[in-house]
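J.: The following block contains the structure, expressed as structure tokens.
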Amino acid sequence: MEITRDLKNHKVQLSENAIALVKKICRRFNYEEGELINILHAVQSQFGYLPAEIQELIAKELDISVAKVYGVVTFYSFFTMKPKGKYPISLCMGTACYVRGAENILNEIKRQLNIDEGETTPDGLFSLSSLRCVGACGLAPVLMVGEKVYGRVAQADVRKIISEYKAGCPTHPSKE
């Protein structure tokens, strides 16, 4: 179940196993157009993202236009056409987090990783995004790395958090 990316030509090569998995997911949902969102969720959970080549395969399997698949993928913010890093970093930019310094933390993450929002580090370790609210306003500002939540994050904490992930040994959420 492998996707190989050709960075020079911005193409994705799907392995036979990857193609078989996408077909199996489409079959599980009886190739029904009305199940497109569920199919996209299932496929993205397997591969982490939905490149154009996978969208084309899904369209072919469901006998619908690629434009329809693309329209759904680009309409819903949950879906992504770009691969995320091994450690996706999400920073809450909701009101409570913002007024408690989330913008400074975001700028520090950008500086530390040398990427902008929506980008992935060249080594594939980290990707960066911001969220509107994670529902943990009492812990503002809130940073998530994957499913791990860090509360009351200060700008000075960013280097330590990133270093732990680079070393492969992240600690448990802190500052509760």
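The values are calculated or read from the model by the stated rules, or taken from the named source; none is laboratory data. All values derive from a computational prediction rather than experimental measurement. Heads up, the Cβs are rebuilt from the backbone with ideal geometry, glycines too, and the neighbour counts pull from every protein chain shown. For accessibility, only protein heavy atoms count, side chains too; no ligands or nucleic acids. Shrake-Rupley method; radii C 1.70, N 1.55, O 1.52, S 1.80 Å.
J.: Count, please, the residues in the stretch 42-54 that happen to be in contact with a Phe, Trp or Tyr (Cβ under 9 Å, 6 or more places away or on another chain) and buried (at least 16 other Cβ atoms within 10 Å of the Cβ).
T.: 5
J.: Okay, next question. Check I39, I115 and return the single one that is free of Cβ contacts under 8 Å to residues at least 24 places away in the same chain, open to solvent by less than 50 Å² (accessible area, probe 1.4 Å) and touching a strand residue (DSSP E or B) at 6+ places or on another chain (Cβ under 7 Å). Reasoning before the result, please.
T.: Values: I39 fails: touching a strand residue (DSSP E or B) at 6+ places or on another chain (Cβ under 7 Å).
Unique residue meeting the criteria: I115.
J.: I need the full set of residues from the stretch 162-171 which are surrounded by 17 or more Cβ atoms within 10 Å (Cβ to Cβ) and under 25 Å from T80 (Cα atoms), in order please.
T.: Step one: filter the stretch 162-171 for residues surrounded by 17 or more Cβ atoms within 10 Å (Cβ to Cβ), giving 162, 165, 170.
Result: I162, Y165.
J.: Only one residue in K86, K148 is among the charged types (D, E, K, R), modelled with pLDDT under 95 and either more than 29 Å from Q46 (Cα to Cα) or surrounded by 15 or more Cβ atoms within 10 Å (Cβ to Cβ) (or both), so which one is that?
T.: On the way: K148 fails: either more than 29 Å from Q46 (Cα to Cα) or surrounded by 15 or more Cβ atoms within 10 Å (Cβ to Cβ) (or both).
When all the criteria are applied, what remains is K86.
J.: Give me the pairs, please: first residue somewhere in the stretch 23-34 and among the charged types (D, E, K, R), second residue anywhere and modelled with pLDDT of 95 or more, beta-carbon distance under 7 Å, and either six or more positions apart or on two chains.
T.: K23/E61; E33/L62; E33/I64
J.: If G34 satisfies every condition in (1) exposed (fewer than 11 other Cβ atoms within 10 Å of the Cβ); (2) at pLDDT below 95 but one, which is the exception?
T.: Condition not satisfied by G34: (2).
J.: Here's another thing I want to ask about it. Can you pull out the residues in the stretch 89-111 that are crowded, with 17+ Cβ neighbours inside 10 Å and among the polar types (S, T, N, Q)?
T.: Residue satisfying the conditions is S90 alone.
J.: Considering L62, L139, L57, which residue is surrounded by 17 or more Cβ atoms within 10 Å (Cβ to Cβ) and either basic (K, R) or not assigned by TED's automatic domain parsing to the domain that holds L40 (or both)? Spell out the reasoning first.
T.: On the way: L62 fails: either basic (K, R) or not assigned by TED's automatic domain parsing to the domain that holds L40 (or both); L57 fails: either basic (K, R) or not assigned by TED's automatic domain parsing to the domain that holds L40 (or both).
It is L139.
J.: Can you work out which of the residues in the stretch 47-94 that are β-branched (V, I, T) and without any contact (Cβ under 8 Å) to a residue 40 or more places away in the chain is farthest from K160 (Cα to Cα)?
T.: Just the residues of the stretch 47-94 that are β-branched (V, I, T), to begin with: 54, 58, 64, 66, 69, 72-74, 80, 89.
With without any contact (Cβ under 8 Å) to a residue 40 or more places away in the chain added as a condition, the list becomes 58, 64, 66, 69, 72-74, 80.
Working: I58: 41, I64: 48, V66: 44, V69: 41, V72: 38, V73: 35, T74: 34, T80: 28 Å.
Residue satisfying both the conditions and the ranking: I64.
J.: Next up: Given the criteria modelled with pLDDT of 90 or more, loosely packed, with under 14 Cβ neighbours inside 10 Å and under 30 Å from A42 (Cβ atoms), does T120 qualify?
T.: no
J.: Out of (1) open to solvent by 50 Å² or more (accessible area, probe 1.4 Å); (2) not in a loop (DSSP other than H, G, I, E, B), the odd one out for Q155 is which?
T.: Unmet for Q155, out of (1) open to solvent by 50 Å² or more (accessible area, probe 1.4 Å); (2) not in a loop (DSSP other than H, G, I, E, B): (2).
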